[in-house]
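Student: My questions all concern the structure below.
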Amino acid sequence: MNTVNHHLQITYAVWTSVISGAKVESMIRRVATTPATGTIRRAAVVDMKLEVVVLPVADVDRAKDFYKALGWRLDADFATGDDFRVVQLTPPGSACSIIFGTGITSAAPGSADGLQLTVADLEAARTELAERGAEVSEAFHDAGGVFHHAGTAGRVPGPGPDHQSYGSFASFSDPDGNGWLLQEITTRLPGR
């Protein structure tokens, strides 16, 4: 028996005895052997989920108040001294959170741009954010029809033609100038 194949069989037996259920299947899918040669090949890509986006801010409490006012859930506010503080908030319905604070990034306050939130109803989201204190742009779509250009280049007033999914946007910024986009997605593309 090939040494590599034998090792994987032993490893599989250990995983099976120690871990049960879907975790084993997930691990096994990551590495597989070709029986004839015993060579290792990747069977699948490891799942990676975006968990946190770091925002550079100048005033932590002002940023915290702004995002809480938008209705974002406060998950954490931890400080270990005057030089280190982490605040985490999560937008409604999102699996990804933002963090900001003191001593967590060297980026200039307000330098994050193009942060994107997807919404099912752009006008409802615009209205809610405005009512909660954000200065939200009017709806726009891109002149090229695919995705928005950087900054305000290529913006055409109004939602995308026929409100096509992925085609309508609005923008807003936090008090430091970190730039957010809302993108309306009513029907996801296959596989998304």
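The values are calculated or read from the model by the stated rules, or taken from the named source; none is laboratory data. Predicted model, so just to flag it, every value in this text is computed and none were measured. Note that we place each Cβ from the backbone using ideal geometry, even for glycine, and neighbour counts take in every protein chain shown.
Student: If the Cβ limit is 6 Å and pairs must be 6+ apart or interchain, which residue in the stretch 144-155 that is in the same structural domain as Ala170 (by TED's automatic domain parsing) pairs with which residue that is among the acidic types (Asp, Glu) and modelled with pLDDT of 70 or more?
Tutor: Every condition considered, the pairs that remain are His148/Asp142; Gly154/Asp142.
Student: Taking only the stretch 76-101 into account, find how many residues are touching a residue at least 12 places away in the same chain (Cβ under 8 Å) and either closer than 20 Å to Glu131 by Cα or within 16 Å of the chain's Cα centre (by Cα) (or both).
Tutor: 12
Student: Taking strands (runs of 3 or more DSSP E) that fall entirely within the stretch 151-192, which contain at least 3 residues that are over 18 Å from the mean Cα position of the chain (by Cα)?
Tutor: Values: elements: 155-157, 168-173, 179-184.
The strands (runs of 3 or more DSSP E) meeting that bar are 155-157.
Student: Considering the stretch 170-189 alone, what residues qualify as being closer than 28 Å to Val60 by Cα and hydrophobic (A, V, I, L, M, F, W, C)? I'd like the intermediate steps shown before the answer.
Tutor: From the stretch 170-189, those closer than 28 Å to Val60 by Cα are 170-183; that's our starting set.
Selection gives Ala170, Phe172, Trp180, Leu181, Leu182.
Student: Something else: Inside the stretch 44-113, counting only strands (runs of 3 or more DSSP E) that do not spill past its ends, which hold 1 or more residues that are at pLDDT 95 or above, within 26 Å of Thr152 (Cα to Cα) and hydrophobic (A, V, I, L, M, F, W, C)? Can you show your working first?
Tutor: On the way: elements: 52-54, 73-81, 84-90, 97-102.
Result: 52-54, 97-102.
Student: Can you name the number of the only condition in (1) farther than 27 Å from Ala107 by Cα; (2) out of contact with any Lys or Arg (no Cβ under 9 Å at 6 or more places or on another chain); (3) at pLDDT below 85 that Ser165 fails?
Tutor: Ser165 satisfies every listed condition except (2).
Student: A further question on this structure: With respect to the numbered conditions (1) at pLDDT below 90; (2) under 16 Å from Val57 (Cβ atoms), which one is the sole condition not fulfilled by Arg192?
Tutor: (2)
Student: In addition: Out of Ala170, Ala134, report the one residue that is in contact with a helix residue (DSSP H, G or I) (Cβ under 7 Å, 6 or more places away or on another chain) and within 24 Å of Pro92 (Cα to Cα).
Tutor: Values: Ala134 fails: in contact with a helix residue (DSSP H, G or I) (Cβ under 7 Å, 6 or more places away or on another chain).
Of the residues listed, the single one that is in contact with a helix residue (DSSP H, G or I) (Cβ under 7 Å, 6 or more places away or on another chain) and within 24 Å of Pro92 (Cα to Cα) is Ala170.
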